[in-house]
Amino acid sequence: MRIAVIGGTGIYDPDIFGEGTKKEVETPFGTVRDITIAELKGGKLEVVFLPRHGVTHGVPPHRVNYRGNIYALKLLGVARIIATNSVGCISPDLKPGGVVLPDDFIDFTKSRVGTFYDSEVVHVDVSEPYCPELRKALLIAGKKQGIDVKNGGVYACTEGPRFETPAEIKLLGKLGADLVGMTGLPEAALAREQEMCYASLCTVTNYAAGIAKHKLTVTEVLEIVAKNQENLRRILAKAVNLVPRDRRCGCKDALKGARVK
Ligand code: HPA
C-alpha cells in the first residue's frame, strides 16, 4: 500500500527525494505528468510524489486537475496521501513559519469540480475530514524531530488566485477558520470519495489579509516555504515510517452507506 506526497508551492522533488522513477498516468480526467516514485531523503520508504502545481509551478490553484491527480494516485496503488499546503493565518495562536495539521475544513471554492460522482448519488461522510492515523503519524514525527507542529485547526479554502480582502478574512475568522489557503479543496474531499486517507501539513507563510499590516506578496510566501522545506522533509520522512501498515481508520470505508442505492 503506497503513500503519496502531494507537494504544494515551493516543495520540489530534487530537494526532498533521492533518485526516482518518473511516471505519467492516463486518467479519465486527463494525463497526469510529473509524478516521481522515489525514497524521501532520510526516509526508508518509497513514496509517490506529485507536485500539485506541476514541476514548473505553472498551474494556478483554481486550474489544478484535482480529480486527475487523485485518480492517478489511486491507479498507482496509493491508499494514503500527505499533502503540503501553504496558508495564511487567521487565528491569533499562529504565526508565519509555523506548521499546522488542520482537523477540519470549510470549502469556499467556486469553480472547481468537487466530486467524482456526477451520474450517481453519493454523499460521502466528512465528519472527520482528515485521516486520524496520518495526523497522528505526522504529529509524532514532528515531536521526534523537535519541530513544533500545531495539532488541529480549521482550514478555509478560497477560490483565489487573488488573496482575500480584509473583510473576507474577518468573516472567515468569525466562521471559525484558523487558516486560509487556495489548494486544500476539493483535494481532501476527492481523496475521501476514493476511500483514500488524506492529511494536510500546512506551513503558515503569512498573516492573512488585514491581519498583516502590509501588502501580501508571493515573494514572502516563497521565502517562508523555502525556509521551512527542510523541516517539512524531516517530518515527512519520519512520518511515512510511522504510519501503521494496515489501515484502521474510517477512510477506507468512506463509501459504505454513502450511496442512495
Ligand atoms: N490566502 C490564501 N492562500 C494562501 C495565503 C493566504 O493568505 N497564504 C498562502 N496561501
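Restricted to the stretch 184-206, and to residues that are in a loop (DSSP other than H, G, I, E, B) and open to solvent by less than 10 Å² (accessible area, probe 1.4 Å), which residue is farthest from the ligand (Cβ to nearest atom)? The selected residue is Met196.
Between Glu39, Glu24, the distinction of being over 30 Å from Asp246 (Cβ atoms) and outside any loop (DSSP other than H, G, I, E, B) belongs to Glu24 only.
In the stretch 153-175, of all residues being more than 12 Å from the ligand (Cβ to nearest atom) and outside any helix (DSSP H, G or I), the one that is farthest from Leu101 (Cα to Cα) corresponds to Leu175.
Scanning the stretch 52-94 for residues that are closer than 22 Å to Lys227 by Cα, in a strand (DSSP E or B) and away from the ligand (no atom under 16 Å from the Cβ) gives a single hit, Ile82.
Give the number of residues within the stretch 212-261 that are among the β-branched types (Val, Ile, Thr) and out of contact with any strand residue (DSSP E or B) (no Cβ under 7 Å at 6 or more places or on another chain).
Going residue by residue through the stretch 212-261, those that are among the β-branched types (Val, Ile, Thr) are 217-219, 221, 224-225, 235, 240, 243, 260.
If we keep only those that are out of contact with any strand residue (DSSP E or B) (no Cβ under 7 Å at 6 or more places or on another chain) too, we end up with 217-219, 260.
Number of matching residues: 4.
Checked against the criteria, Leu139 does not count as within 24 Å of Arg2 (Cα to Cα) and surrounded by 20 or more Cβ atoms within 10 Å (Cβ to Cβ).
Counting the residues of the stretch 21-48 that are charged (D, E, K, R) and touching a residue at least 60 places away in the same chain (Cβ under 8 Å) gives 2. Just to be sure before I move on: is Leu138 in contact (Cβ under 8 Å) with a residue 12 or more places away in the chain, under 15 Å from Asp104 (Cα atoms) and more than 16 Å from the ligand (Cβ to nearest atom) in the structure I sent? The answer is no for Leu138. Within the stretch 103-112, the only residue that satisfies the criterion of being outside any loop (DSSP other than H, G, I, E, B) and either open to solvent by less than 20 Å² (accessible area, probe 1.4 Å) or away from the ligand (no atom under 16 Å from the Cβ) (or both) is Asp104.
Name the residue, out of Ser127, Ser119, that is at pLDDT below 95 and more than 16 Å from the ligand (Cβ to nearest atom).
Step by step, each of Ser127, Ser119 is checked, and only Ser119 is at pLDDT below 95 and more than 16 Å from the ligand (Cβ to nearest atom).
Please work out if Ala212 is surrounded by fewer than 21 Cβ atoms within 10 Å (Cβ to Cβ) and within 12 Å of the ligand (Cβ to nearest atom). Spelling it out, Ala212 is indeed surrounded by fewer than 21 Cβ atoms within 10 Å (Cβ to Cβ) and within 12 Å of the ligand (Cβ to nearest atom).
A single entry from Val100, Val5, Val78, Val47 fulfils the requirement of being more than 23 Å from Gln194 (Cα to Cα) and surrounded by 15 or more Cβ atoms within 10 Å (Cβ to Cβ): Val100. Within the stretch 113-133, being under 24 Å from Ala72 (Cβ atoms), among the charged types (D, E, K, R) and loosely packed, with under 15 Cβ neighbours inside 10 Å holds for Asp118, Glu120.
The values are calculated or read from the model by the stated rules, or taken from the named source; none is laboratory data. Please read all numbers here as calculations on a predicted model, not as lab measurements. So basically every Cβ, Gly included, is an ideal-geometry build from the backbone, and we count neighbours across all protein chains shown. For the accessible areas, the whole protein counts, side chains as well, though only heavy atoms, and no ligand, DNA or RNA atoms are used. Shrake-Rupley method; radii C 1.70, N 1.55, O 1.52, S 1.80 Å.
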